[in-house]
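We did not get these values from a lab; they are worked out from the coordinates using the rules stated. In this text the structure is predicted, and so the values were computed from the model without any measurement. Note that each Cβ is placed from the backbone with ideal geometry, even for glycine, and that neighbours are counted across all protein chains shown.
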Amino acid sequence: MQKPSKTDWDALAAMTDEEIDYSDSPPLPETFFKHAKVWQPQPKVTLTMQVDADIVEWFQNTGANWEAQV
């Protein structure tokens with residue numbers, strides 16, 4: 001379950017670049033943009049596999065959200 005965003009996205013979209021406070025962000029060197037790559041999250045893939053019961057038990061003992069770790 002995702003937490004709701006506390007960001008006022010409409011207000012942010014309405015701001016001009018001059019209105020945005022960048023004072024807590026250090027300037028980026030030109031080399032940053034030379035090596036930067038656009039990254040898009042990949043869709044999740046459902047995977048079914050069989051494992052021994054002791055492996056499942058180990059994951060279950062790691063916490064309430066054990067399925068997300070598998």
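Laid out as a table, the results:
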quantity	calculated
Rh (Kirkwood; distinct C-alpha pairs) - the chain, Å	18.0
Computed label-point distance, nm, for sites Thr62 and Asp21 using a 7 Å Cα→Cβ extension	4.0
